[in-house]
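The values are calculated or read from the model by the stated rules, or taken from the named source; none is laboratory data. Predicted, not measured: the structure shown is a model, and the values here were computed from it. Cβ atoms come from the backbone with ideal geometry, glycine included; neighbour counts cover every protein chain shown.
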Amino acid sequence: MRRVFLLPMTCIAATLVAGCDLKEVYPTAAPAVAGVRFINAVPDSGGAYGFDLRFVDELENNAHFRQGFRNAPATTSGVTAATGVQYKPTRAGQRQFRIFLSDTIQSAASTVIKDTTVTLVAGSNYTAILMGYARTGSTPSMRLLFIEENVADPGANVAVRVINTTGSAIDVRQYPVTTPATPLPGTPTWANVPAMSVSTYVTAAPSQIRFNVQPAGGGATLFAEALTLIGAAASSTAGPLGRLDIEALPGTTVAGSAVTYIVFPPSVAGSRAANFTTAGGVSVWDRRPPLIP
């Protein structure tokens, strides 16, 4: 009996050794990817947790999950930023994504709000903005804007722009924070920015910058001004004489950065959109400076 038992075990071991050639090379390659971010600017609808953007043509761990209205803004040190906005790596090429209601109820979570195909170029960044009103009869009606973020290098300056996701045209002024305080510019930096549109970039010297938003043609400021992303220059854990080993963060104080100020409408009372009773703005970065000069 012992010989009968050992013979099969010997055969199994021989088979395993023969099947595992340690000299065999299995090449792997990182896929070519682009960056995609999703901004929820729909003030009257959503699932219990907002919206989900998912690429559905292949399995990929890059879903923009539970994005509420305004992408969870938070104010820290005078800067209001959308904490839910980030570029996520996505395989380049022609890709299909859908935007769903974000909910724990299956019938709601399977509801498709938008379905589209886009072409992504490796190394490029893209922004998907869902904005407008989803409810029947409300204007402007909901639409999806998908743009490539190809801002030019501002060099020793910073680049700034505004995205207007509201249903009305606006005037926007950007100006540096100084001591004594810089007076509000007499003319807008961007005059009559149309509803649901993206302005051009302008360049400015690196500094802390505020945005002032008024109705087109002038009027009362629509909401309290806030600083845009400040950023931080590359630094060293060893102090001022040490080698730079902490990467720069994008912001308006760091040359080479590009920053967008997004203007949102108020949310509709009683809707699934988060309860923001007035218009508001958040800032996001579009272009990083050199990480370590």
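On the given criteria, is Pro176 of a type outside the set (Gly, Ala, Ser) and closer than 18 Å to Gly251 by Cβ? Give the derivation first.
Details: of a type outside the set (Gly, Ala, Ser): yes; closer than 18 Å to Gly251 by Cβ: yes.
Against the criterion (of a type outside the set (Gly, Ala, Ser) and closer than 18 Å to Gly251 by Cβ), Pro176 qualifies.
How many residues, within the range 59-71, are under 16 Å from Thr116 (Cα atoms) and surrounded by 20 or more Cβ atoms within 10 Å (Cβ to Cβ)? So that I can check it myself, show each step before the final result.
If we filter the range 59-71 for residues that are under 16 Å from Thr116 (Cα atoms), which is where we start, we get 63-64.
In the following step, the residues that additionally are surrounded by 20 or more Cβ atoms within 10 Å (Cβ to Cβ) were identified as 64.
Of the residues in that region, 1 qualify.
Which of the residues that make up the range 31-50 are of a type outside the set (Gly, Ala, Ser), under 25 Å from Gly167 (Cα atoms) and more than 14 Å from the chain's Cα centre (by Cα)?
Selection gives Val42, Pro43, Asp44, Tyr49.
Yes or no, residue by residue, for (1) over 16 Å from the mean Cα position of the chain (by Cα); (2) closer than 16 Å to Trp285 by Cα; (3) in contact (Cβ under 8 Å) with a residue 40 or more places away in the chain; (4) loosely packed, with under 12 Cβ neighbours inside 10 Å:
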residue: Pro73; (1), (2), (3), (4): no, yes, yes, no
residue: Ser77; (1), (2), (3), (4): yes, no, yes, yes
residue: Ala82; (1), (2), (3), (4): no, yes, yes, no
residue: Gln96; (1), (2), (3), (4): yes, no, yes, no
residue: Ile99; (1), (2), (3), (4): no, no, yes, no
residue: Thr104; (1), (2), (3), (4): yes, no, yes, yes
residue: Ala108; (1), (2), (3), (4): yes, no, yes, no
residue: Val112; (1), (2), (3), (4): yes, no, no, yes
residue: Thr116; (1), (2), (3), (4): yes, no, no, no
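Against the condition exposed (fewer than 12 other Cβ atoms within 10 Å of the Cβ) and within 26 Å of Val56 (Cβ to Cβ), how does Gly137 come out, does it pass? Lay out the reasoning, then the answer.
On the way: exposed (fewer than 12 other Cβ atoms within 10 Å of the Cβ): yes; within 26 Å of Val56 (Cβ to Cβ): no.
Considered against the rule, which asks whether it is exposed (fewer than 12 other Cβ atoms within 10 Å of the Cβ) and within 26 Å of Val56 (Cβ to Cβ), Gly137 comes out as no.
Checking the conditions here, which among Gly167, Gly218, Gly137 is at pLDDT 95 or above and closer than 30 Å to Ala269 by Cα? I'd like the intermediate steps shown before the answer.
Values: Gly218 fails: at pLDDT 95 or above; Gly137 fails: at pLDDT 95 or above.
None of the others qualify; the one that does is Gly167.
Residue-wise test of (1) β-branched (Val, Ile, Thr); (2) at pLDDT below 95; (3) under 18 Å from Leu145 (Cβ atoms).
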position	(1), (2), (3)
Lys23	no, yes, no
Val36	yes, no, yes
Leu59	no, yes, no
Asn62	no, yes, no
Val79	yes, yes, no
Ala82	no, yes, yes
Arg95	no, no, yes
Thr116	yes, no, yes
Ala128	no, no, yes
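Would you mind telling me which numbered condition in (1) touching a strand residue (DSSP E or B) at 6+ places or on another chain (Cβ under 6 Å); (2) more than 20 Å from Gly251 (Cβ to Cβ) Tyr201 fails?
If we test Tyr201 against (1) touching a strand residue (DSSP E or B) at 6+ places or on another chain (Cβ under 6 Å); (2) more than 20 Å from Gly251 (Cβ to Cβ), just (2) comes out false.
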